[in-house]
Amino acid sequence: MKEIKIPYKFYHWGPLLCKFKLLPEELNQLRRLCKKGKIYDHRKELAGVIEGEYVINKHAYERIISPYLEAYSTQIFPKFYGKELGKKLETHIVWVNYMKPGECNPPHLHTNCQFSSVLYTQVPPELKKQQENFVGNGGGPGSISFMMNGDTDYAVNMIHEAPEEGDFYMFPYNLYHFVASYSSAAKTKKERISIAANFDFVKT
């Protein structure tokens, strides 16, 4: 059969969900910013069923991830939305989540900002094993899921990710997302640590 080349154009619709991969030295710098303590407790402002959630220094955080914010504002955003932004992202607030077995983060969105993010500084090896052994059609133990528009035919309405250390996701503030719990079986006692942040656009 003769091969026929059919021209087409693929339309990008919906919110921009972007994933970066941080360098090991950047992760180490971020880990040093994370501290537990009552004065940093941020649980009253959050939806998570997580015992340990603490505010961290937003200026120190932004200095570390600034190359990614720059790339997002000047390259990725214009390419996806087809227009120049003419603004930069400025960090509004940052907090760290120390997630233990059995804890979870229910479906929620972020408020009082324009864009949000989550990055992972520690993922227990035992959790990765649980994900490999998962049988089901969801994201599995410890996964993060992004969802929009309910269940619509012929559309991708949900994305599941099993994050690894260094994964850094950015997305619009109103993109609903949730995090599944994981089991304490197989000696999965170690915390899964993630850093969440909210951003606003400011003129350059």
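The values are calculated or read from the model by the stated rules, or taken from the named source; none is laboratory data. Small disclaimer: the values here were computed from a predicted structure and weren't measured. Don't worry about glycine lacking a Cβ; one is built from the backbone with ideal geometry, like all the others, and counts go over all protein chains shown. Please note that ligands, DNA and RNA were not included when accessible areas were found on the heavy atoms of the full protein model with its side chains. Shrake-Rupley method; radii C 1.70, N 1.55, O 1.52, S 1.80 Å.
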Inter-residue pairs, beta-carbon under 6 Å, first under 16 Å from residue 117 (Cβ atoms) and in the range 46-61, second aromatic (Phe, Trp, Tyr) and in a strand (DSSP E or B), 6+ apart: 53/95; 55/95
Residue within the range 61-78 that is at pLDDT 95 or above, touching a strand residue (DSSP E or B) at 6+ places or on another chain (Cβ under 7 Å) and of a type in the set (Ser, Thr, Tyr) present: yes
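Each row is one residue, and each column tells you yes or no for (1) open to solvent by 60 Å² or more (accessible area, probe 1.4 Å); (2) in a strand (DSSP E or B); (3) in contact (Cβ under 8 Å) with a residue 12 or more places away in the chain.
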| residue | (1), (2), (3) |
| --- | --- |
| 85 | no, no, yes |
| 89 | no, yes, yes |
| 92 | yes, yes, yes |
| 111 | yes, no, yes |
| 130 | no, no, yes |
| 140 | no, no, yes |
| 164 | yes, no, yes |
| 181 | no, no, yes |
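For the range 193-203, does any single residue satisfy the condition of being outside any strand (DSSP E or B) and either out of contact with any Pro (no Cβ under 8 Å at 6 or more places or on another chain) or surrounded by fewer than 19 Cβ atoms within 10 Å (Cβ to Cβ) (or both)?
Of the range 193-203, the ones outside any strand (DSSP E or B) are none.
Checking the range 193-203: not a single residue is outside any strand (DSSP E or B) and either out of contact with any Pro (no Cβ under 8 Å at 6 or more places or on another chain) or surrounded by fewer than 19 Cβ atoms within 10 Å (Cβ to Cβ) (or both).
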Candidates 149, 112, 137 - the one that is within 19 Å of residue 195 (Cα to Cα) and among the polar types (S, T, N, Q): 112
In the range 42-53, the residues that are open to solvent by 90 Å² or more (accessible area, probe 1.4 Å) and in a loop (DSSP other than H, G, I, E, B): 51
Criterion (open to solvent by 70 Å² or more (accessible area, probe 1.4 Å) and aliphatic (A, V, I, L, M)) met by exactly one of 65, 39, 56: 39
